[in-house]
Structures are given as structure tokens and as C-alpha cells.
1. Looking at TYR202, TYR168, TYR183, which one is touching a Lys or Arg at 6+ places or on another chain (Cβ under 8 Å), among the aromatic types (Phe, Trp, Tyr) and either more than 21 Å from PHE122 (Cβ to Cβ) or part of a helix (DSSP H, G or I) (or both)?
2. Can you name the residue in region 554-611 that is in contact with a strand residue (DSSP E or B) (Cβ under 9 Å, 6 or more places away or on another chain) and among the hydroxyl-bearing types (Ser, Thr, Tyr) and is also farthest from ASP473 (Cα to Cα) among such residues?
3. Only residues that are surrounded by 14 or more Cβ atoms within 10 Å (Cβ to Cβ) and within 43 Å of the chain's Cα centre (by Cα): list them for region 575-603, please.
4. Please state which one of ARG611, ARG600, ARG570, ARG607 is in contact with an Asp or Glu (Cβ under 6 Å, 6 or more places away or on another chain) and at pLDDT below 90.
5. Given the conditions (1) in contact (Cβ under 8 Å) with a residue 40 or more places away in the chain; (2) out of contact with any Gly (no Cβ under 9 Å at 6 or more places or on another chain), which single one is not true for ALA590?
6. Can you tell me which residue in region 456-467 is modelled with the lowest pLDDT, limited to those that are of a type in the set (Asp, Glu) and not in a helix (DSSP H, G or I)?
7. Considering only residues that are of a type in the set (A, V, I, L, M), in contact (Cβ under 8 Å) with a residue 12 or more places away in the chain and open to solvent by 50 Å² or more (accessible area, probe 1.4 Å), which ones fall in region 511-550?
8. Only one of GLY158, GLY219 is under 45 Å from the mean Cα position of the chain (by Cα), open to solvent by less than 10 Å² (accessible area, probe 1.4 Å) and touching a residue at least 40 places away in the same chain (Cβ under 8 Å). Can you tell me which?
Amino acid sequence: MQLAPTPPAPTVSQELPVWQYLEALYQRHLPNTDGALASYIPELAAVNPDQFGIAFATTDGFIYEVGDTSTRFTIQSISKAVIYGLALEDHGQEAVLKKIGVEPSGDAFNSITFDERNNRPFNPMVNAGAIAASALVRGKDHAERMDRIIDMFRRFTGRVLDIDDAVYRSESATGHRNRAIAYLELNSGMIDGNVDEHLDLYFRQCSLLVTTRDLAMIGATLANGGLNPLTRERAMSPANVRSVLSVMNTCGMYDYAGGWQFDVGLPAKSGVGGGITAVLPGQLGIGVFSPRLDAVGNSLRGVKVCEDISGGFGLHLFEDRGSGLQPFRRMYRGDEVHSKRVRRKEQARVIDRFGHLISVYELQSELGFIEAERVTRRMIEDTSSAYYFLLDITRVLRMDAVALDLLNTARTNLQAAGKVFAIVSVSQDIPAAFQQHMHFSNIDAAMEYFEDRLLERAEAVVTDAKVPLEEFDLLAGLDQGALQTLASHLETRSFVAGETLIAQNSRADELFFLTEGRVDVAVRIGNGPSYRVSTIDSGTMFGELALFGTAPRTADIIAATSGEALVLHRGAVEELKEKHSATYTALLHAVGSSLSDRLRRANSEIRALAR
């Protein structure tokens, strides 16, 4: 049996809504050529000013990138955040605080000013503090200390970084102001040891070559509590990550630190090489590269991009992002969990075989950018293996405009790829917000609808023709004699749509073999209305309690269509038991086997739902 062919899946990365947003953002800012290259380091003044890249790295290890993200450039002052973290790892917070403060200086990054009251640099993000941090890096000699710095960056980026020798020599040859700072620190007892070695480490670390992707990974590792999301290697302890992010938050963007926090609201560090690393703790690392700088030394285009990202996605630290719970309540495929429709075995087997084409996403809590990014990425990644996409948002308490836009973009992309998309929600406003006509009020109705479509494609649809008793799957184990005996004890009953065949709480006195039409199983709670819990197709049986006693019925059975059933009454059951024990035993065995199959299916679905 083959299903009709489905359209080929799109390229995953380019169909992701977040990637499409970044591409549009990139194109929007590409014409911006304001700013100027750093000139105080001669080698930096010679780079191509038009280079431009943007990268996102999530804490579960997924990377989005557009533009010149593989172009290498020197890290410059972004290294200060990592080296400060290494100093904390080597000495602990208390010891480092005695040597380096955490207060904004209010002066330029290369200012020759100190916190004279505490005899230390103001913070590790200005040159004075960064030189003091480099002086704290442990090692038996200069080479081992440099190796440890290189290894620290490897843990953050997932690769070994090279040094741009030309930039290193240029910085070393022109770094007179930094030498003045270092010797003043030595004279005041802020640092000790070989000043030239400390400075050499500082010049080398600033000359490390990184890519925009590397900056995003540095941010994502910090966002992930110091654990690299891709390599799973720990780069820094969570306690020291908190300290590093705190200082990045208040001091990381030169003289624009306050404005950055007001406008963007993320811990960040910039470098005069044109890079910016920003962090959304627990969620995301951002890397941007564009070499033209503004008046205070930040990438001008990079700052504008980050302002748009923060505003467009609502990433500001003080943005109300709700509970922050995992957006997925459950995810499963239609072969793992069927609808509550009771179908014939042939149809159930088709759904078992092809149900994986139905992909269900039950969402919960509150959806913002971060949550919607994960949902849309998962849906697009499933494009190659699913055809029907079902998004259940009945348990979503709140969805902001960013999340709605990303989900709508995913819907559009899926439908453009020839997929079928549907929403489950009790709210009548949701379909309009999603510009979506296929809407269901509950998950079971949606699952049943998509199963019907699968069966249509597999040409396994049940017709309206009457099903003779000998074709019931349940009775396949009965021989001809037993079937004839059973048939002789059955009464034919016709019914019309809406007729109640079994009433909840009534005595279990009748067993029904449904030969034509469909019936609904509905449950009443108290004196309220009844709720449909499943539908039973012709060729199946209901009312099995009649074989096992006279306990009260647990649900209403209401005709969904006109039809016909063969009914085994209580008296006939007793007669079979007394006079035709072989037939009675075979019927009990068949019903028990059917109940066992349903129990196995239920247990399998429970396991799938509990994952």
C-alpha cells in the first residue's frame, strides 16, 4: 500500500522563521555605511569596512547565521570578558575583587584613571582592569599562561583560535598608553610580576582571530551557565558566569553602557575590531560583526542591529517574558497516539503504518520569542518526515506578537511546502490571528480528521455498506458453527441519528454488534451536558459490560448517523452460557482479546505521551 506522493521538503535552515527574520534584518542594515574604522591600531584601519555578519546561538546548540559569519577578525576588547572569567576561575571572586572593581568608570576605555579609594582599576572591561586580569592568569611561565588563555577560548568557541600576528605586532608597537597604565598599576601595587609579560598576554589575547559565529558561541556558553551548548564542555563555573555577566551588563559597551542597557537591555561586550557579543541568560548568544565604529568605539551597524533584535523579539532583560516554562507540553506522531475513534483493524493498521505523517505539538504556558523559536524550529525540522502539522494551543496562557508572527511565518512556510496545518484552540479569536481556516476545538477531533485524510490517501476508507457479522474483526476466531449459533441469538435493531442506544448509569443488559452507521460515546458529568469522548465505526462492537455482569453503564452511546446493529440481550447471553458453552467461551475469548489489544494500545499511548 502506498500513499500519494508528498511535495519535497524545503531546505530547513532557510525556511526557519528566525533565519528569515535575520536575513531581512541583514538586508535592512546592509546599506548603512556610517562610522569609521579604528585608526589607533594601524592594522585595524586596513580591514574591509563593508564586512557584515549576524549569528544567533541557542542554549540547545542551534546556530542561525547570515552574512559574513565565517570572516575572521580580531576579537579585541571582547576578550576582556573571557579573561576576567579565567581570573575568577584561577583565584575566586573575593581575591579578584581586591584587585579589580566592578563599577562603571564614566571615562573612556583607555583612560588612565583608577579607583584610588580602593587602589584598583574600576572594572575589568576597561583597559586598566583587563591588564590587571591578564596579570592574574596562572601559569609557570609566559608560554603556559598563553596556552591556558588559548584553551579558555577553545572551551567557549569549540575550536582553537589563531593569533593575527600582524595585529599583535601592531598593537605591541603602538601600545604605549597601555604600557603607561600597566606601569602605574605596578607602581601602585595593583599588579605584580613581569609587566612586559602581562602586557604581551594582553596584546596577544586582543589579537585572537574569531568569527561572528564564535562570538555567538561565546554568548551562548555564557547564556548556558558556562557550558558550551555544542561540545558540552564546561568553560566556566555558573557562579563566575554570573559575575562576568554582571560586569558586562554595566560596563561592557564603553561609554554607551547606560544607553545600551536602556535600549537593548542585554549583557554585552564590544571590541574595536567591529564585533559585539550579547547574552540573553538561559536562552541565547548573539554575535554581530561590522568594522565601522561609532564615536565611542562600538560597531555602529552592530549596535543598530542589536537594538532591532532586542526590540523586535522583546529580548530586553526587563521585558516581561512570562513564566519561562518549557513551551512543549507534549510532542508525538499519529502512529504513536491515535484518536479515540474506534476503527476496524484494517484501518488501525494503516494509521499505525502511516500515522507518523501526522505531527502534533501540544504547547503550554506563555509564548514569547524564545519559546516560539524552539517551536518553529522543531516544526520546520519535521518537514521532511511529516505532512500534517497540528498545533494545540489550548493550554497557552499568553502569546505575544513576536511569537504569533514567528508561528505564522512557520505556518506560511509549511503551507508553501505543500503541508497541511491546523490549530487547536477553544478561543474563536485564534484562527483569525493565525489567518487560519482549519481550526478544531479539541485535539481528538483534529486527530480524527487527519486520520480520515490519511485513510483517504491510502484508499482505506470505510464505505457506508453494511458489514456482515462474519467480517467483524472481533469474531475472526469463531468457526462457522459458532458464528451461526451467535447469529441465531441476535436481534436486529435499526436506529436514527441522535437516538440514545445506551444511557449512562443504565443496567448493562445488551451487547451491540454495529453493522451499519456510526455511534458516539459521550460522558455526562453530574447533571450537565454530555461530552463526546470517541466515535465507534461499523464492523466493531460496544456494550461489552453485558458479558461480565449488570454493572451500570459508564457512558451514553448516541447514534451519530442512522444505522443498524445486531443486539445480544441478557437472556440470550445466559442461554449461550448454558446451552452453547463453546460459542459462549469463544465469544468471551474474542472480547477479552479485543480488550487486551485496546489496553496494550492505551499503554503504548501513555508511554508516548509521558516522554
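1. Values: TYR202 fails: touching a Lys or Arg at 6+ places or on another chain (Cβ under 8 Å); TYR183 fails: touching a Lys or Arg at 6+ places or on another chain (Cβ under 8 Å).
None of the other options fit; the residue is TYR168.
2. THR554
3. Matches in region 575-603: SER594, ASP597, ARG601.
4. On the way: ARG611 fails: in contact with an Asp or Glu (Cβ under 6 Å, 6 or more places away or on another chain); ARG600 fails: in contact with an Asp or Glu (Cβ under 6 Å, 6 or more places away or on another chain); ARG607 fails: in contact with an Asp or Glu (Cβ under 6 Å, 6 or more places away or on another chain).
Testing whether each residue is in contact with an Asp or Glu (Cβ under 6 Å, 6 or more places away or on another chain) and at pLDDT below 90 leaves just ARG570.
5. The single condition ALA590 does not satisfy is (2).
6. From region 456-467, those of a type in the set (Asp, Glu) are 456, 459, 464; that's our starting set.
Subset that is not in a helix (DSSP H, G or I): 459, 464.
Values: GLU459: 78, ASP464: 67.
Result: ASP464.
7. In the first step, residues of region 511-550 are kept if they are of a type in the set (A, V, I, L, M); the result is 511, 514, 519, 521-523, 525, 533, 536, 541, 545-547.
Going one step further and asking which of them are in contact (Cβ under 8 Å) with a residue 12 or more places away in the chain, we end up with 511, 514, 519, 521-523, 533, 536, 541, 545-547.
Within region 511-550, VAL533, LEU545 qualify.
8. Details: GLY158 fails: open to solvent by less than 10 Å² (accessible area, probe 1.4 Å).
The match here is GLY219.
The values are calculated or read from the model by the stated rules, or taken from the named source; none is laboratory data. The structure presented is a predicted model; accordingly, all values stated were derived computationally and were not measured. All Cβ positions, even for glycine, are placed from backbone atoms using ideal geometry, and neighbour counts span all protein chains on display. The area values use the complete protein model at the heavy-atom level, side chains included, leaving out ligands, DNA and RNA. Shrake-Rupley method; radii C 1.70, N 1.55, O 1.52, S 1.80 Å.
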